Amino acid sequence: MDAVIRRALPAEARALTRIAHAAKRHWKYPEAWIRLWRDALSLTPQFVERHPVYCAVAGASVLGFYALSGAGATRELEHFWVAPRDMGHGVGARMFAHAVATLRADGARVLRIASDPYAKGFYLRPGARRVGKWPSTPRGRTLPLLVLGVGPPRGRGI
Ligand SMILES: CC(C)(COP(=O)(O)OP(=O)(O)OC[C@H]1O[C@@H](n2cnc3c(N)ncnc32)[C@H](O)[C@@H]1OP(=O)(O)O)[C@@H](O)C(=O)NCCC(=O)NCCS
């Protein structure tokens, strides 16, 4: 995949929102649930301006994006979506490696991920581990809460 990963622009908030909705629909959730999650799946230009939001692009086409939040040692993965037509070609893996490098360069140690249940395996592969559950909607639904260490590899002290 001939893609580059770059910082997203505030003007792209609407296009990123469309990708988030399309990716979530990929799991065939009821439309009533998608409506329930509308705010959580939407980005504003202000959000893009104020957070690290990065997108994978090939030419004029946006293939996917991710967003981080928080400060200090522990950060959150706010968004992580690949457009359905581009899934299964390594875009997610490249974006995730980029997110880890971004966090490390910014001094973060731990990334927390309230994962979609169907995406959990994607995060477990590069080393995330399950530490609990995260409340979701509709009421009673929970998401697997995962953590991944993103600090510099431990040296041998010699
Ligand atoms: C989950 C998602 C981000 C993966 O992105 P992708 O570009 O399709 O994944 P990749 O092609 O980079 O796959 C990388 C590896 O993860 C594996 N993988 C991908 N999706 C997986 C999943 N849902 N469960 C388990 N493993 C998965 C692939 O098989 C591949 O393994 P390999 O290295 O052995 O070949 C993407 O499918 C998506 O956006 N899904 C819908 C929205 C969603 O749930 N997002 C996550 C919100 S927390």
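No lab work stands behind these numbers, since they all come straight from the coordinates. Computed from a predicted model, the values in this text were never measured in an experiment. Note that we place each Cβ from the backbone using ideal geometry, even for glycine, and neighbour counts take in every protein chain shown.
What is the list of residues in the range 16-45 whose amide nitrogen lies under 18 Å from a point 7 angstrom out from the Cα of K120, following Cα to Cβ?
Counting only backbone N, you get 27-29.
Specify whether the C-alpha gyration tensor of the range 4-149 places it in the rounded, prolate or oblate class, a ≥ b ≥ c being the square roots of the eigenvalues: rounded for a/c under 1.5, otherwise prolate if a/b is larger than b/c and oblate if not.
On the way: a/c = 1.34, a/b = 1.02, b/c = 1.32.
Rounded is the answer for the range 4-149, as its axis ratio a/c remains below 1.5.
Using a 10 Å cut-off around each Cβ, can you sort H98, H79 from fewest to most neighbouring Cβ atoms? Before the final figure, lay out the partial values.
On the way: H98 15, H79 23.
Ascending Cβ contact count within 10 Å gives the list H98, H79.
Explain nothing, just the number: relative contact order of the range 44-90, from Cα pairs under 8 Å at least 6 residues apart, as a whole percent.
Computed over the range 44-90, the figure is 26 percent.
Could you work out the helix-only [θ] at 222 nm for the chain, with each DSSP H run of four or more residues adding -39,500 (n - 2.57) and the total divided by the number of residues, to the nearest 500 deg cm²/dmol? Working shown, then result.
Working: 5 runs with 45 residues, N = 158.
Calculated mean residue ellipticity at 222 nm is -8000 deg cm²/dmol.
Taking Cα pairs under 8 Å and at least six residues apart, what relative contact order does the range 4-149 come out at, in percent? List each step's numbers first, then the result.
Working: 230 pairs, mean separation 30.0, N = 146.
In percent, rounded to a whole number, it is 21.
Less than 12 Å from a label point 7 Å out along the Cα-to-Cβ axis of E76: which backbone N atoms in the range 94-111 qualify, by residue?
Those under the cut-off are none; the list is empty.
Compute the separation of the alpha-carbon centres of the range 60-126 and the range 8-33 and state it in Å as a whole number.
15 Å
Net charge within 9 Å of T74 by Cβ-Cβ distance, Lys/Arg positive one each and Asp/Glu negative one each, not counting T74 itself?
With Lys, Arg at +1 and Asp, Glu at -1, the neighbours total +2.
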